[in-house]
Amino acid sequence: MRIEIHDKTLGLAEQLRRFGFPLDMRCDGRGTCGRCRVRLLSGCWLENGVAVNAPAEALACRTWLVSETGSVEIPFASCLPSTQGLFADAWQNIAPMPVKDEVVVGIDIGTTTLAAAALQRGRIIAREACFNPQARFGDNVMSRISAAETHLEEMRQALLDALADMLRKMPPPTRVAIAGNSTMTSLFHGVNPVSLGHAPFALPQSDFAPVSGDCLGLPASVPIHTLPLISAFLGGDILGGLGELHLKPGDLFIDIGTNCEMVFCKMDGTLVGAAAAAGPAFEGAGIACGTRAVPGAICHYRGFDAFEMIPRDDGLLGTPVGLCGSAMVDALAVLRRAGLLSRFGRFEPPCPKKEIAQGVYITEQDIEQLLTAKGAVAAGIRCLEEYCGGPCRRLILAGGFAQFLDLDNAAAIGMLPKRPVFVVGNTSLAAAVRLAAEPTHATELSSLRQSVSELHLNNVPGFDVKFLEGMMLP
Ligand code: FES
């Protein structure tokens, strides 16, 4: 698509965003990730202060128009495409939803993705999804917290605009409820989350009264309810999941994401939660050919040129746009099994990178980041299991990443222990829908919250050693 640009006062990436074409800006415009590359079709430009004349390629985040007009083309790989349709229905089977004539909407505000579902008579009648537009302020929770120090209102408005777009496409609800981690929930309500970013990691606000949608500029003039938060690192999303799942003794519930939240149900029925900072590597950030689970992404890898891709919206596969988290897990397992990767993540024999598919490769630096992420998850699980008295009986995995994950490969690289695994989908969204349908559910969630104690992994003796061990490949 060709887009005409006339404004010389705004950077190219910001202009494209305002035109409705947000780019994949995972380095937040620092010019280091290379994901916002566009084609300059006409005009004179400045990229990083250096004159560039079209035709040429440039990083939109570092480029400004110099001539009176110019035009650009956005490659598919640089876009943030719709993720609609990527969400499994598994969560609908967890517990029956209330059967009522009214339409209600639940929204899961994820760090990366926003997902909404409308419920009527116990069935989902509409769903919407899009990327969280706050991604341009940073890929992970900590960078968002830091950005909120100076851009709180802008970040909140970006989120509200995206939610308004989603709600406009859905049947008018009588109530809405949102669920999110502690940072996303705070940002939704305009509460400064800065205290979540440094010790003692205090929660600025844990409970939120219903607000009216029109007060927030949303198209639904109805009450909007919010799932309460447990702590700085255990948010309404994991609490909602607990409310949906009713864990049994020996269950370990994990929501794998940038901030990997986990709750162990001990044999006496008490709940212990912990959060491991896995970082955004499994969401593609900081990885040379990494991408989120978007159409065109390689989602499974079996060996060179043997891979599966997420189909594009037109149903075609096209050229791979990169590797998403599940394929990275596969790549580690496949390369290690083939003897091409050492325990420490070094290529054998030494080489700068391994090609996964044409134009898609993985480097040793990528592998280092992936091992750090999987080390954090593995160490978190080990610490929590030890603290709670022994191995869990079954693992329950929630979240989008888990839906694509090859569980054998995740165990083969030592990321997950070898236990019976159940994948349950987006339990946070399920909880938001339930709260929208039954606002009294908030009371149950509040009392459930009281039963969760928190284990701070950084204070656990031996966590560092387990983390280093977890970074190794079996
Ligand atoms: S290089 Fe443009 S956003 Fe990272």
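When you go through R292, R382, R336, R302 one by one, which is the residue that is of a type in the set (D, E, K, R) and assigned to a loop (DSSP other than H, G, I, E, B)?
Working: R382 fails: assigned to a loop (DSSP other than H, G, I, E, B); R336 fails: assigned to a loop (DSSP other than H, G, I, E, B); R302 fails: assigned to a loop (DSSP other than H, G, I, E, B).
So the residue among R292, R382, R336, R302 that is of a type in the set (D, E, K, R) and assigned to a loop (DSSP other than H, G, I, E, B) is R292.
Of all residues in the stretch 294-309 being of a type in the set (A, V, I, L, M) and buried (at least 22 other Cβ atoms within 10 Å of the Cβ), which is modelled with the lowest pLDDT? Walk me through how you get there before you give the answer.
Looking only at the stretch 294-309, we keep the residues that are of a type in the set (A, V, I, L, M), and these are 294, 297-298, 306, 309.
Applying the additional criterion that residues be buried (at least 22 other Cβ atoms within 10 Å of the Cβ) yields 294, 297-298.
Values: V294: 74, A297: 86, I298: 89.
Step by step, filter the stretch 294-309, then rank; the result is V294.
Take the conditions outside any helix (DSSP H, G or I), in contact with a Leu (Cβ under 7 Å, 6 or more places away or on another chain) and under 21 Å from D237 (Cβ atoms) and apply them to A177. Does it pass? Step through it out loud before you land on a result.
On the way: outside any helix (DSSP H, G or I): yes; in contact with a Leu (Cβ under 7 Å, 6 or more places away or on another chain): yes; under 21 Å from D237 (Cβ atoms): yes.
For A177, the condition - outside any helix (DSSP H, G or I), in contact with a Leu (Cβ under 7 Å, 6 or more places away or on another chain) and under 21 Å from D237 (Cβ atoms) - is met.
Return yes or no: is R127 part of a helix (DSSP H, G or I) and in contact (Cβ under 8 Å) with a residue 12 or more places away in the chain? Walk me through it before giving the result.
On the way: part of a helix (DSSP H, G or I): no; in contact (Cβ under 8 Å) with a residue 12 or more places away in the chain: yes.
For R127, the condition - part of a helix (DSSP H, G or I) and in contact (Cβ under 8 Å) with a residue 12 or more places away in the chain - is not met.
Considering the stretch 354-374 alone, what residues qualify as being farther than 11 Å from C289 by Cα and not in a loop (DSSP other than H, G, I, E, B)? Full working, then the answer.
So the first thing to find is which residues in the stretch 354-374 are farther than 11 Å from C289 by Cα, and the list is 354, 358, 364-365, 367-374.
Residues satisfying the conditions are K354, E364, Q365, I367, E368, Q369, L370, L371, T372, A373, K374.
If T63 satisfies every condition in (1) more than 30 Å from A118 (Cα to Cα); (2) within 10 Å of the ligand (Cβ to nearest atom); (3) modelled with pLDDT under 95; (4) in contact with a Leu (Cβ under 8 Å, 6 or more places away or on another chain) but one, which is the exception?
With (1) more than 30 Å from A118 (Cα to Cα); (2) within 10 Å of the ligand (Cβ to nearest atom); (3) modelled with pLDDT under 95; (4) in contact with a Leu (Cβ under 8 Å, 6 or more places away or on another chain) applied to T63, the lone miss is (3).
What number of residues in the stretch 37-60 are crowded, with 16+ Cβ neighbours inside 10 Å, within 15 Å of the ligand (Cβ to nearest atom) and not in a strand (DSSP E or B)?
Summing the residues that are crowded, with 16+ Cβ neighbours inside 10 Å, within 15 Å of the ligand (Cβ to nearest atom) and not in a strand (DSSP E or B) in the stretch 37-60 gives 1.
So which strands (runs of 3 or more DSSP E) are wholly in the stretch 192-280 and hold at least 2 residues that are under 24 Å from K466 (Cα atoms), modelled with pLDDT under 95 and over 23 Å from the mean Cα position of the chain (by Cα)? Even if it seems obvious, please write down each step before you answer.
Values: elements: 223-226, 251-255, 259-265, 271-277.
The strands (runs of 3 or more DSSP E) meeting that bar number zero.
Across the stretch 328-368, which residue is surrounded by the most Cβ atoms within 10 Å (Cβ to Cβ) among those that are modelled with pLDDT of 90 or more and small (G, A, S)?
A331
Determine whether F422 is among the aromatic types (F, W, Y) and surrounded by fewer than 20 Cβ atoms within 10 Å (Cβ to Cβ).
Details: among the aromatic types (F, W, Y): yes; surrounded by fewer than 20 Cβ atoms within 10 Å (Cβ to Cβ): yes.
Yes.
Could you check how many residues of the stretch 142-185 are under 17 Å from the mean Cα position of the chain (by Cα) and in contact (Cβ under 8 Å) with a residue 40 or more places away in the chain?
15
Take L429 and decide whether it is outside any loop (DSSP other than H, G, I, E, B), touching a residue at least 24 places away in the same chain (Cβ under 8 Å), of a type outside the set (G, A, S) and under 22 Å from I124 (Cβ atoms).
Values: outside any loop (DSSP other than H, G, I, E, B): yes; touching a residue at least 24 places away in the same chain (Cβ under 8 Å): yes; of a type outside the set (G, A, S): yes; under 22 Å from I124 (Cβ atoms): yes.
Yes: the conditions hold for L429.
The values are calculated or read from the model by the stated rules, or taken from the named source; none is laboratory data. Keep in mind that what you see is a predicted model, and the values were worked out from it rather than measured. Backbone-built Cβ (ideal geometry, glycine too); neighbour counts: all protein chains shown.
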